[in-house]
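Chemist: Before anything else, here's the structure in question.
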Amino acid sequence: MFKNFFSFSTFVYTLVFACSFSVSLTIVVCIMELVENPGGIFWQEGELQWHFLYDTAISWLVPSFIYSLPLSAVAGALISVKYSRDNESL
């Protein structure tokens with residue numbers, strides 16, 4: 001029943017999903033912050049302040065990856081168990 005629970009492909013799909021979700025969320029938030037420019041910290045005197053953008057990106061990327069990794073691991077494991085059950089009945 002649980003032979004595919006911790007398979008390598010489940011692990012790879014989990015990492016790919018968690019990374020893509022985290023990067024997508026980070027890009028959306030960084031673009032929103034650049035457009036909003038709270039307090040004028042991102043654009044000063046016509047120049048982009050890259051260190052503020054970097055700090056914002058890291059502060060969203062790392063926590064979103066940490067939170068999405070276990071959730072996608074559980075979802076991937078449940079999906080792999082479901083598909084392994086379907087394949088056993090064939």
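Chemist: Could you list all residues from the stretch 50-82 that are surrounded by fewer than 15 Cβ atoms within 10 Å (Cβ to Cβ), farther than 26 Å from C30 by Cα and either of a type in the set (K, R) or over 15 Å from the mean Cα position of the chain (by Cα) (or both)?
Modeler: L78, I79, K82
Chemist: Pairs needed: first member in the stretch 1-21, within 15 Å of L71 (Cβ to Cβ); second member anywhere, modelled with pLDDT under 75; C-beta distance under 9 Å; at least 6 residues apart or different chains.
Modeler: The qualifying pairs are T10/N4.
Chemist: Just the residues that are hydrophobic (A, V, I, L, M, F, W, C) and not in a helix (DSSP H, G or I), please, taken from the stretch 30-61. Steps first, please.
Modeler: Step one: of the stretch 30-61, the residues hydrophobic (A, V, I, L, M, F, W, C) are 30-32, 34-35, 41-43, 48, 50, 52-53, 57-58, 60-61.
Answer for the stretch 30-61, where residues must be hydrophobic (A, V, I, L, M, F, W, C) and not in a helix (DSSP H, G or I): I41, F42, W43, L48.
Chemist: Among the residues of the stretch 43-74, which ones are modelled with pLDDT under 90 and among the hydrophobic types (A, V, I, L, M, F, W, C)?
Modeler: If the condition is that a residue be modelled with pLDDT under 90 and among the hydrophobic types (A, V, I, L, M, F, W, C), then W43, A73, V74 are the ones that fit.
Chemist: Quickly run through the stretch 1-29 and pick out the residues that are surrounded by fewer than 12 Cβ atoms within 10 Å (Cβ to Cβ) and modelled with pLDDT of 95 or more.
Modeler: S24, V28
Chemist: Follow-up. Between a first residue in the stretch 48-71 that is more than 11 Å from F21 (Cβ to Cβ) and a second residue that is β-branched (V, I, T) and surrounded by 17 or more Cβ atoms within 10 Å (Cβ to Cβ), which pairs have beta carbons less than 6 Å apart while being 6 or more apart in sequence or on different chains?
Modeler: The qualifying pairs are A57/T26; W60/T26.
The values are calculated or read from the model by the stated rules, or taken from the named source; none is laboratory data. Computed from a prediction, not measured in an experiment: that's the story for all the values here. Counting neighbours? That spans all protein chains shown, and the Cβs are built from the backbone with ideal geometry, glycine included.
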